[in-house]
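S.K.: Would you mind keeping the following structure in view while I ask a few things?
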Amino acid sequence: MQVERFLEASAQRLPDKVALVCGNRRLTYADVDRQANRLARGLIAAGVRRGDRVAIYLDNSIEAVLGIFAALKAGAVFIVINPTTKADKLAFTLNNSRAAALLTDDRHGGVVAEIAGRTPHTGMIVTSGRGGDDSVEGKRVLRLADLLRSAEDDSK
């Protein structure tokens, strides 16, 4: 069974059971599935295509889990990059994988901005942060919260 299908089955069978706990945040299986669906639709609308690589450069978080499931639901391949990875290795990993999108946050914004000009395949940056710069050299910068809000919810 594919991992994203396991989430969907769990959301149908145990919709109100807590699936994720991060600090004082708790999400049920239904919440995770719904938000992953929204993010997947947002990524597709923003240009992520089947087979694209989506790099996840985040600390362990709810956003990282949503990014993994959303990439899978969009038909993409996820790549988890250790959040302590330095600029040169991050650039190498993004280039070597030909990642089309990078999911990150404001905390990593300086490193991402530093390597932006050296990662031609990574055209989209999705940030889960609230502040920071909305412009990164040659990249389309989107807010995770905006993608979640703009993607129409459905029963899937």
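The values are calculated or read from the model by the stated rules, or taken from the named source; none is laboratory data. Model, not experiment: these values are computed from the prediction. Cβ atoms come from the backbone with ideal geometry, glycine included; neighbour counts cover every protein chain shown. In case anyone asks, the SASA skips ligands and DNA or RNA and just uses the protein heavy atoms, side chains included. Shrake-Rupley method; radii C 1.70, N 1.55, O 1.52, S 1.80 Å.
S.K.: Need at least 1 residues that are under 19 Å from residue 148 (Cα atoms) and under 15 Å from the mean Cα position of the chain (by Cα) per element, so show me which helices (runs of 4 or more DSSP H) inside the range 58-131 make the cut, counting only ones lying wholly within it.
M.R.: Numbers: elements: 62-73, 87-97, 109-115.
The qualifying helices (runs of 4 or more DSSP H) are 62-73.
S.K.: A further question on this structure: Is there any pair linking a residue in the range 70-91 that is more than 19 Å from residue 113 (Cα to Cα) and open to solvent by less than 30 Å² (accessible area, probe 1.4 Å) to one that is among the acidic types (Asp, Glu) and modelled with pLDDT of 95 or more, with Cβ under 6 Å and at least six apart or on different chains, and which?
M.R.: Once the first residue is more than 19 Å from residue 113 (Cα to Cα) and open to solvent by less than 30 Å² (accessible area, probe 1.4 Å) and sits in the range 70-91, its partners that are among the acidic types (Asp, Glu) and modelled with pLDDT of 95 or more give 76/52.
S.K.: Answer with yes or no whether residue 143 is more than 15 Å from the chain's Cα centre (by Cα) and either over 17 Å from residue 47 (Cα atoms) or modelled with pLDDT of 90 or more (or both).
M.R.: On the way: more than 15 Å from the chain's Cα centre (by Cα): no; either over 17 Å from residue 47 (Cα atoms) or modelled with pLDDT of 90 or more (or both): yes.
No: the conditions fail for residue 143.
S.K.: Something else about it: Six or more apart or on different chains, Cβ atoms under 8 Å: show the pairs whose first residue is in the range 1-14 and in contact (Cβ under 8 Å) with a residue 24 or more places away in the chain and whose second is open to solvent by less than 40 Å² (accessible area, probe 1.4 Å) and among the charged types (D, E, K, R).
M.R.: 4/73; 7/33; 8/33
S.K.: Now for a separate question. Could you please find all residues in the range 41-66 being of a type in the set (Gly, Ala, Ser) and touching a residue at least 40 places away in the same chain (Cβ under 8 Å)?
M.R.: If we filter the range 41-66 for residues that are of a type in the set (Gly, Ala, Ser), which is where we start, we get 42, 45-47, 51, 55, 61, 64.
Within the range 41-66, 42, 45, 46, 47, 55, 61 qualify.
S.K.: Among residues belonging to the range 3-57 that are part of a strand (DSSP E or B) and of a type in the set (D, E, K, R), point out the one that is surrounded by the most Cβ atoms within 10 Å (Cβ to Cβ).
M.R.: At the first step, the residues of the range 3-57 found to be part of a strand (DSSP E or B) are 18-22, 25-28, 53-56.
From what's left, of a type in the set (D, E, K, R): 25-26, 53.
Numbers: 25: 9, 26: 12, 53: 21.
Ranking the qualifying residues of the range 3-57, first place goes to 53.
S.K.: I'm trying to understand the selection: among the residues of the range 97-110, which are at pLDDT 95 or above and of a type outside the set (Gly, Ala, Ser)? Talk me through it step by step, then tell me what you get.
M.R.: The initial filter retains those residues of the range 97-110 that are at pLDDT 95 or above, namely 97-104.
Those that are at pLDDT 95 or above and of a type outside the set (Gly, Ala, Ser): 98, 102, 103, 104.
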